[in-house]
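J.: One structure is given below, represented as structure tokens, and several questions about it will come after.
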Amino acid sequence: MVLAPLLRPAASPPQLSVTLRPHWSTPCCLAAVRHRSLVTFAGMAGVPATLSASAAQIGSFLSKKPYAPPSWATHLSPMPSHTFSLGHFPTPIHKWNLPNLPEGTEVWIKRDDLSGMQLSGNKVRKLEFLMADAVAQGADCVITVGGIQSNHCRATAVAAKYLNLDCYLILRTSKLLVDKEPGLVGNLLVERLVGAHIDLVSKEEYGKIGSVALADLLKKKLLEEGRKPYVIPVGGSNSLGTWGYVEAIREIEQQIQQSADTQFDDIVVACGSGGTIAGLALGSRLSSLKSKVHAFSVCDDPEYFYDYVQGLIDGLHSGLDSHDIVSIENAKGLGYAMNTAEELKFVKDIAAATGIVLDPVYSGKAAYGLLEDMAANPAKWKGRKILFVHTGGLLGLYDKADQLLSLAGNWRRMDLEDSIARKDGTGKMF
């Protein structure tokens, strides 16, 4: 995909000033709204200029709070009773001036990559509910499973340590590396710094045994040691975790309600384990949003995810059909966490053109798939207003450093003329 001509800067970035006031007055419901208060969205910058009152309140972050669902989701069950405040919400929404869009098409971006630092991305929203359940069940440790550079595993390790729980990670890697030191690149660095226990399995072992049996095996060993483990599925994607993005739809709905001129025809997001798209699609259908949800799968295939999402929403007794609430397209390319040179160049070109850094595993492939589809089917997207959900994953870029080296910006040694005066001690090196 060629991104030419490059983005021309707008004369003045659009300003979206939003004051979010919850429609509920009970303490329980106000707690559920969490950090939603006064937020300013500043066009291209996409960074809140004013922190919400609750986010600034000492002790609010990491606190356990009663949860009340949106009014349009009260029929779903089982319904969570509490959450832990683990993320910085609401995340900003701003205009994303992508090049070569169909006529009249606008793309906006919701920055869930800004939901935190060590604990960032879409996994935070799910973990707010899952960690509350783990603590409620008296767990003293959590177990989860993922790839060697799993964003979910890193987020889980950080969240567990925040809540004084041990974390056990089962990480999938190649058979050539399964018996070797895994290193300290990207997500692994954070996981190991916060003291996560890491068990490596080969992709072949994972494929034959499966994530559920692997987690159960480790759970059995921990129970025999007198521990109280709580298992979190791959990606945090079960029916309880789905509430994280049902809640995200309430957040988007509130942001839109305070911006009368902003409505979204479509929501676009990457799909890796199914929980995010299940929550977005379910919430969009039940709420006033009614945006069409498009998912670009980065592993497995669309039919697998239609079935998996169906299981998640059936687990909430929604009565809906996954095929009716989400459109899923294949964007896995060479395979999960594998990239073509063109995909990596796309990530670099988008960063250089717009300042938005996409991760190559999830949002990078989703954005690549979206623009490919726009180029192939411009009439489908003409005049549409699209909200792209950036699900984070920046740390995963470090695992691609060698592949990105030839694409990265140039450098040079500064040319210092002989005529420039020199004196020891002039420049202070802080």
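The values are calculated or read from the model by the stated rules, or taken from the named source; none is laboratory data. All of these numbers come straight from a predicted model, not from anything done at the bench. Here the Cβ is made from the backbone with ideal geometry for all residues, glycine too, and neighbour counts use every protein chain on show. Protein only, heavy atoms only, side chains kept; ligands, DNA and RNA dropped before computing areas. Shrake-Rupley method; radii C 1.70, N 1.55, O 1.52, S 1.80 Å.
J.: Test of understanding: what is the full-extension gain from Glu372 to Ser288, defined as 0.36 nm times their sequence separation minus their Cα-Cα distance?
T.: 27.3 nm
J.: Amide H neighbours of Phe388 under 5 Å, counting only residues 5+ apart in sequence or on other chains, H built in-plane at 1.01 Å?
T.: Placed amide hydrogens put Trp108, Ile109, Lys110, Val268 under 5 Å from Phe388.
J.: Further question: Could you pull out the pairs from Lys221/Lys332; Lys345/Lys382; Lys65/Lys180; Lys180/Lys219; Lys64/Lys345; Lys110/Lys180 whose alpha carbons sit more than 31 Å apart here?
T.: Values: Lys221/Lys332 35 Å; Lys345/Lys382 26 Å; Lys65/Lys180 42 Å; Lys180/Lys219 24 Å; Lys64/Lys345 43 Å; Lys110/Lys180 39 Å.
In this structure, Lys221/Lys332; Lys65/Lys180; Lys64/Lys345; Lys110/Lys180 lie more than 31 Å apart at Cα.
J.: Mind sorting out which of (1) 35, 26, 20; (2) 37, 23, 19; (3) 32, 29, 24 is the real semi-axes √(5λ) of the Cα gyration tensor in Å computed from the coordinates?
T.: Computing semi-axes √(5λ) of the Cα gyration tensor in Å and matching it to (1) 35, 26, 20; (2) 37, 23, 19; (3) 32, 29, 24 gives (3).
J.: Give the residue from Leu176, Leu119, Leu312 lying farthest towards the positive end of the charge dipole for the chain; charges sit on Cβ (+1 for Lys and Arg, -1 for Asp and Glu) and the dipole is referred to the Cα centre.
T.: Leu119
J.: Moving to a separate point now. Mean residue ellipticity at 222 nm from the helices of the chain, using -39,500 (n - 2.57) per DSSP H segment of n ≥ 4 over the full residue count, to the nearest 500 deg cm²/dmol? Present the calculation step by step, with values, prior to reporting the outcome.
T.: Values: 15 runs with 149 residues, N = 430.
My calculation for the chain gives -10000 deg cm²/dmol from helical runs alone.
J.: At 0.36 nm per residue, and after removing the present C-alpha to C-alpha distance, how many nm does the segment from His197 to Leu62 gain when stretched out fully?
T.: My answer for the length gained is 46.4 nm.
J.: Express the carbon and sulfur contribution to the solvent-accessible surface of the chain as a percent, rounded to the nearest whole number, probe 1.4 angstrom.
T.: Of all accessible area on the chain, carbon and sulfur atoms account for 55 percent.
J.: I need the shape label for segment 104-220. Rule: rounded when a/c is under 1.5, else prolate if a/b > b/c, else oblate, with a, b, c from the alpha carbon gyration tensor.
T.: oblate
J.: For Lys292, what residues show an amide H to amide H distance below 5 Å, using hydrogens built from the backbone and excluding near sequence neighbours?
T.: The list, which skips near neighbours in sequence, is Asp266, Ile267.
J.: Taking amide hydrogens as modeled 1.01 Å from N in the peptide plane, which residues meet the under 5 Å criterion relative to Glu329, leaving out close sequence neighbours?
T.: Ala295, Phe296, Ser297
J.: Explain nothing, just compute: Karplus ³J(HN,Hα) = 6.51 cos²θ - 1.76 cosθ + 1.60, θ = phi - 60°, for every residue of segment 305-315 in order, whole Hz, x for Gly and Pro.
T.: Once rounded to whole Hz, the list reads 6, 4, 5, 5, 4, 4, x, 5, 6, 5, x.
J.: May I pose another question? Rounded to the nearest 0.05, what FRET efficiency is calculated for Glu329 and Thr426 with R0 set to 45 Å and r the Cβ-Cβ distance?
T.: The computed FRET efficiency comes out at 0.15.
J.: Moving on to the next point. Can you tell me how segment 155-299 classifies by the Cα gyration tensor, rounded, prolate or oblate, using a/c under 1.5 as the rounded cut? Don't jump to the answer; show the numbers that get you there.
T.: Details: a/c = 2.30, a/b = 2.03, b/c = 1.14.
Prolate, since a/c reaches 1.5 and a/b exceeds b/c.
J.: In a Gaussian network model over the chain where Cα atoms closer than 10 Å are linked, find which of Thr144, Thr173, Thr242 has the largest mean-square fluctuation.
T.: Result for the chain, Cα springs under 10 Å: Thr173 fluctuates most.
J.: Same structure, new question: Considering only the other residues whose Cβ falls under 14 Å of the Cβ of Cys167, what net charge follows from Lys and Arg at +1 and Asp and Glu at -1?
T.: +3
J.: Hey, another quick one. Is segment 250-351 best put as rounded, prolate or oblate by its Cα gyration tensor, with a ≥ b ≥ c the root eigenvalues, rounded for a/c under 1.5, and otherwise prolate when a/b is larger than b/c, oblate when not?
T.: oblate
J.: Let me ask something else about it. How much length, in nm to one decimal, is gained on full extension between Gln137 and Lys380, taken as 0.36 nm per residue of separation minus their Cα-Cα distance?
T.: Gain in length upon complete extension: 82.7 nm.
J.: Moving to a separate point now. Less than 9 Å Cβ to Cβ from Gly393, Lys/Arg counted +1 and Asp/Glu -1: what total charge do the surrounding residues give?
T.: Net charge around Gly393: -2.
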